[in-house]
Amino acid sequence: MDFNRILSGMIRAARLDKSFYEEVEHDTSYTQDALVVVILASVAGALGGFLSALFGGSFGVAIFSFVVSAVTGVVSYYIWVYLVHLIGTKFFKGTGDRGEVARALGFAWAPRVLNILSFIPFLGGLVGFVAWIWTIATGFIATRQSLDQDNTNAALTVVVAAVVAFIISLLIGLIFGLIGAAIGMTFSNVGSALGG
């Protein structure tokens, strides 16, 4: 693994270099590099959340936040790749395979490394917003190039995939919320039964 190549790719991807996305689309040697970008970006964001919670005075919350954020960052990448590929190829004239989409979207994750700065009061929220907008732009270019779409079909792919991802996130949040509430009620009832 060549870290200089990964860093150079992250910079080119962040600059919205269409020729780089085309290169990544066709060169399978970038597969591992793209995953490294996703992991780096996820860990950077997790570290920003960790520092924010740590400065807030809660080490336990900081550790929990770090683990959940790092794992969620990688899992959301795989969900995004699946949705973009499925929606783009089934409904919006996309022709790329899942590996091409995965490589391109992996490098499109590059601006998310800025989330390491999310712990900085006032500035952190702005940096997070900028990273989010920038990632939408890189994701659009990655989608267009990897699925060989025109601008309209790429935009529709990204928007529809985002709506589906949002619905999935709501459902997962609802399920975990219900599980958490059930666990909380169970412990509360056990505590009451034991006289606590």
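Here, each number is a calculation from the coordinates, and none is a lab measurement. All of these numbers come straight from a predicted model, not from anything done at the bench. Cβ: placed from backbone, ideal geometry, glycine included. Neighbour counts: every protein chain shown.
When the Cα positions of ALA137, VAL113, ILE172 are compared along the charge dipole of the chain, ILE172 comes out farthest toward the positive end, with charges on each C-beta of Lys, Arg, Asp and Glu.
Are there any helices in the chain, counted as whole DSSP H runs, that stretch 20 Å or more along their axis by Cα and score at least 1.0 on average by Kyte-Doolittle, and if so which? Mind showing how you got there, number by number?
Values: long enough: 31-55 (36 Å, 1.78); 59-91 (46 Å, 1.59); 123-146 (33 Å, 1.09); 151-193 (62 Å, 1.83).
Passing helices, by number: 31-55, 59-91, 123-146, 151-193.
Its DSSP H runs of at least 4 residues, each contributing -39,500 (n - 2.57), put the calculated 222 nm mean residue ellipticity of the chain at -28000 deg cm²/dmol, to the nearest 500. Net charge around TRP134, counting only other residues with Cβ within less than 11 Å of its Cβ (Lys, Arg = +1; Asp, Glu = -1)? With Lys, Arg at +1 and Asp, Glu at -1, the neighbours total +2. Kirkwood's formula applied to the C-alpha pairs of segment 3-193 gives a hydrodynamic radius of 17.7 angstrom. For the chain, calculate the relative contact order in percent as a whole number, restricting contacts to Cα pairs under 8 Å that are 6 or more residues apart. It rounds to 25 percent for the chain.
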